[in-house]
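Asks: Okay, here's the structure, questions in a sec.
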């Protein structure tokens, strides 16, 4: 399943494993995030959603001036909240209107027609063909430069502009403790 988010909103910071094939158990991810204070109470109106936890600002660095943190009243529209999505059976490509052409893993050329290639395929992880060198590789191999990415499980920090929030080293270190290797982040804006 190739997914472009449909609901127009501010954007999201997505965290996933560097190895797109890895997916820790969602219950373990949720327990870890609750234990370190990133997530609070579940949000019944948001599938896989949680209110932001009491240590959000210690685990995610915000640089924007319009960030609205949930103060325990629930994840209303426009308030920062967290979602856990997955595990998916295979890596999925997540992208949005902010996504830029990825770079070929072989020759580093930008793939201008990537959206057309993705739209013409039905598999969860599309194969992309480089117009410059002719190499065909799965989307997981391409350099999306934090404007899109692939994974089987995603932790989304919702309602933040791309680049407005960044996971701090302490959060990434704790995610590694789940046993799925290092984690990375990217941004999607609908």
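Asks: Run residue 120 past the list (1) out of contact with any strand residue (DSSP E or B) (no Cβ under 8 Å at 6 or more places or on another chain); (2) modelled with pLDDT of 95 or more and report the number of the one that doesn't hold.
Replies: (2)
So that you can scan it fast, the table gives a plain yes or no per residue for (1) buried (at least 23 other Cβ atoms within 10 Å of the Cβ); (2) touching a residue at least 40 places away in the same chain (Cβ under 8 Å):
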{"position": "137", "(1), (2)": "no, no"}
{"position": "143", "(1), (2)": "no, yes"}
{"position": "151", "(1), (2)": "yes, yes"}
{"position": "154", "(1), (2)": "yes, yes"}
{"position": "164", "(1), (2)": "no, yes"}
{"position": "181", "(1), (2)": "no, yes"}
{"position": "184", "(1), (2)": "no, yes"}
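Asks: In the set 125, 85, 164, which member is at pLDDT below 95 and within 23 Å of residue 23 (Cβ to Cβ)?
Replies: 125
Asks: For the range 29-43, which residues satisfy the criterion of being assigned to a helix (DSSP H, G or I) and either surrounded by 15 or more Cβ atoms within 10 Å (Cβ to Cβ) or within 18 Å of the chain's Cα centre (by Cα) (or both)?
Replies: 29, 30, 32, 33, 34
Asks: Can you pull out the residues in the range 91-125 that are in contact with a helix residue (DSSP H, G or I) (Cβ under 7 Å, 6 or more places away or on another chain) and buried (at least 20 other Cβ atoms within 10 Å of the Cβ)?
Replies: 91, 93, 102, 125
The values are calculated or read from the model by the stated rules, or taken from the named source; none is laboratory data. Predicted model, so just to flag it, every value in this text is computed and none were measured. Positions of Cβ are backbone-derived with ideal geometry, glycine not excepted, and every protein chain shown enters the neighbour counts.
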